[in-house]
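The values are calculated or read from the model by the stated rules, or taken from the named source; none is laboratory data. Owing to the predicted nature of the structure, the values given are computational and were not obtained by experimental measurement. All Cβ positions, glycine included, derive from the backbone under ideal geometry; neighbour counts span all protein chains shown. The accessibility values were calculated without ligands, DNA or RNA, using every heavy atom of the protein model including side chains. Shrake-Rupley method; radii C 1.70, N 1.55, O 1.52, S 1.80 Å.
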Amino acid sequence: MPETLNSASLGKPRVRFAPSPTGFLHVGSARTFIFNWLYARRMGGTMILRLDDTDVERNTDASVNSIFEGLKWLELDWDEEYKQSERGELHRRMADTIFQKGLAYRDFTPAHTGDSERSGAQGTWLFNPGMRELSREESDRRASAGEPFALRFRVPREGGQMIRFTDAVYGEQMKAGADIEDFALLRSDGMPTYHLASCADDADLRISDIIRGQDHLSNTYKHVLLFEAAGFTPPQFAHLPLLVAPDGTKLSKRRHGPIVSVTTYRDAGFLPEAFINFLCLLGWSPKNDREQMSRQELIDAFSLEGINRANAVVNFKEPDVGPTNVGRALLPANSLPEEAFDAKAVWLNAEHIRSLPIEELSQRLLPIVREAGFNVAPEKMLRITPLIRERIKLLRDVLTAADFFFVDRLPPYDPSELIPQKGDAAMAKKVLEKARAVLANVEFKHDPLDQALRAAAQEFGIKAGQMFQPIRVAVCGRKNAPPLFETLEVLGRETTLARIEQAISRIL
RNA sequence: GGCGCUAUCGUCUAGGGGUUAGGACGGAAGAUUCUCAAUCUUCAAACCCGGGUUCGAUUCCCGGUAGCGCUACCA
């Protein structure tokens, strides 16, 4: 009696994310994990992490670390974990089962090094007739003589047989067996291939739903064949549209650089929940115009029906060697400018930042500030946070938005900035001297500061803005900054007066 | 080359035999404001092409085109 994978009796789905550790965790993989995870959490199922490390040549520990690092940042968890390389016995057993049923055969053709020599005259290689028809006796004889061979699946290609399956996203799929090549199960060194290992593990782990990239859609026919040959009912499949670069090509580190690596987003100051939110909106829609969603809201809204079929562009800017922007010096050397990221990701991040409670945002900001070398007390950070919350899009923007709160002495700025609109140096000086006098006595709280400074403006017969700008530049070192009174309040009298003093001396 | 998948504003998408084809990001303009941001208002911006089917197709069917995927003893 065939074992059932998607046994309805259990009800709870079992899904897996099965990356091959041959590179860093990239955004497409992360999204695949997220969709699996969302589905598992939504349905009360089980999330499995399986490292598909059968390609010993290309696997690296660095890659495994990158995957864990990325998932850790995203605060994504899983219930079971496996390493494919430790399950070789299971894979070989499945290969043997299939071979014993006569559904696979040994191919003694030496592994090819060139690319086209085995391609048939028609262009597509499907199988080696000589090997496929080799008698079992002959095959056994050569095998026991120690001749190396690859084990190939004997794809049913006669009689116009069709292979079919239903994809939860792409619907009914079918393909003629005659169009599928006799793919390898075992390499000549005895190692299982991806197809074999993957199916053997999916069967053994009782995976109920395989949610993966659409690049596997046409591999699925092979997998269906494999499951059935081994006596299993194939699981449910759901293929995800691919994430592609603005030029339409698939994301790759070679071509597109760090922008495709998950850790780049972490280092740029994305909130994990915002990044997840962004990824979810690529190729999936809750269909109710919702955009900003929390982790829980995503879980509640997720369904396979909402998955789109067309590839989605991650609309990042190709790295260019344009002029560096202001404040860049404070950022880590290898970090990307904000404009490099998909604008929607940045916007979503800003939205998530704005909806974070001040206390929490402050806590997330503090390590970044500290790492940049500023020793700021948590209490001070808590007072600064509300002043910049609406002004930062990425967490690291705290370094450029609130820099003047952190430093003891302001870095040099252009003194002409001190001159107010429709004013001159004399006005700037007058304003600053007045401010020095007023601020020496007024209570450093919003309202008293507001009243005192406005009164001073009135006394001079100038606009409030003309009064405030010189002061703002004097204390912040630039024109664009948080509201003045709140800023002064946090900065305190001592720092404020020192900076105004400095400004006065510079304006001459 | 073969096989397959896909096609709505620049981008992410909703929709669907009859709609002013909706939302969001980004862009533009304006309002507000002590600057910047945030916020609010407004504007520009799309159904790949050609045939069918139909009273009527952006929607359904076929073809084309384009993009992508698979076509390895990679995954």
Worksheet item: Can we say residue A:40 is open to solvent by less than 10 Å² (accessible area, probe 1.4 Å), of a type in the set (Gly, Ala, Ser) and in a helix (DSSP H, G or I)?
Response: yes
Worksheet item: Which one of these does residue A:242 not meet: (1) under 24 Å from residue A:311 (Cα atoms); (2) among the aliphatic types (A, V, I, L, M); (3) open to solvent by less than 30 Å² (accessible area, probe 1.4 Å)?
Response: (3)
Worksheet item: How many residues does segment A:145-189 contain that are within 26 Å of residue A:54 (Cβ to Cβ), exposed (fewer than 12 other Cβ atoms within 10 Å of the Cβ) and more than 11 Å from RNA strand B (Cβ to nearest atom)?
Response: 1
Fill in: Qualifying position, being modelled with pLDDT of 95 or more and open to solvent by 70 Å² or more (accessible area, probe 1.4 Å), among A:344, A:317
A:344
Discussion item. For segment A:404-449, give me each residue that is within 14 Å of RNA strand B (Cβ to nearest atom), under 45 Å from the mean Cα position of the chain (by Cα) and more than 22 Å from residue A:504 (Cβ to Cβ).
Written reply: A:445, A:446, A:447
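Each row is one residue, and each column tells you yes or no for (1) open to solvent by less than 40 Å² (accessible area, probe 1.4 Å); (2) at pLDDT below 95.
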residue	(1), (2)
A:414	no, yes
A:420	yes, yes
A:432	yes, no
A:449	yes, no
A:464	yes, yes
A:468	yes, no
Discussion item. Yes or no: segment A:325-341 includes at least one residue that is at pLDDT 95 or above and within 12 Å of RNA strand B (Cβ to nearest atom).
Written reply: yes
Practice prompt. Would you check which residues across segment A:60-102 are surrounded by fewer than 19 Cβ atoms within 10 Å (Cβ to Cβ) and outside any helix (DSSP H, G or I) and list them?
Written response: A:60, A:75, A:77, A:78, A:79, A:80, A:81, A:82, A:83, A:101, A:102
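Kindly state which strands (runs of 3 or more DSSP E) lie completely within segment A:115-227 and contain at least 2 residues that are touching a residue at least 60 places away in the same chain (Cβ under 8 Å). Spell out the reasoning first.
On the way: elements: A:150-153, A:162-167, A:171-176, A:184-186, A:209-213.
Output list reads A:162-167, A:184-186, A:209-213.
If you go through segment A:449-460 one residue at a time, do you hit one that is touching a residue at least 40 places away in the same chain (Cβ under 8 Å), not in a loop (DSSP other than H, G, I, E, B) and not assigned by TED's automatic domain parsing to the domain that holds residue A:335? Full working, then the answer.
First, the residues of segment A:449-460 that are touching a residue at least 40 places away in the same chain (Cβ under 8 Å): A:449.
Checking which are not in a loop (DSSP other than H, G, I, E, B) leaves us with A:449.
Still in the running and not assigned by TED's automatic domain parsing to the domain that holds residue A:335: A:449.
Yes - at least one qualifying residue is present in segment A:449-460.
Return yes or no: is residue A:454 within 15 Å of RNA strand B (Cβ to nearest atom) and either in contact with a strand residue (DSSP E or B) (Cβ under 7 Å, 6 or more places away or on another chain) or basic (Lys, Arg) (or both)? Walk me through how you get there before you give the answer.
Working: within 15 Å of RNA strand B (Cβ to nearest atom): yes; either in contact with a strand residue (DSSP E or B) (Cβ under 7 Å, 6 or more places away or on another chain) or basic (Lys, Arg) (or both): yes.
Yes: the conditions hold for residue A:454.
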Worksheet item: When only residues in segment A:279-314 that are outside any loop (DSSP other than H, G, I, E, B) and loosely packed, with under 13 Cβ neighbours inside 10 Å count, which is farthest from RNA strand B (Cβ to nearest atom)?
Response: A:296
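Within segment A:245-267, which residues are part of a loop (DSSP other than H, G, I, E, B) and open to solvent by less than 30 Å² (accessible area, probe 1.4 Å)?
Matches in segment A:245-267: A:245, A:251.
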Worksheet item: Within segment A:473-508, restricting attention to residues that are of a type in the set (Val, Ile, Thr) and free of Cβ contacts under 8 Å to residues at least 60 places away in the same chain, which residue is nearest to RNA strand B (Cβ to nearest atom)?
Response: A:496
Practice prompt. Name the single residue, out of those in segment A:190-221 being more than 8 Å from RNA strand B (Cβ to nearest atom) and either open to solvent by 30 Å² or more (accessible area, probe 1.4 Å) or of a type in the set (Lys, Arg) (or both), that is nearest to the chain's Cα centre (by Cα).
Written response: A:212
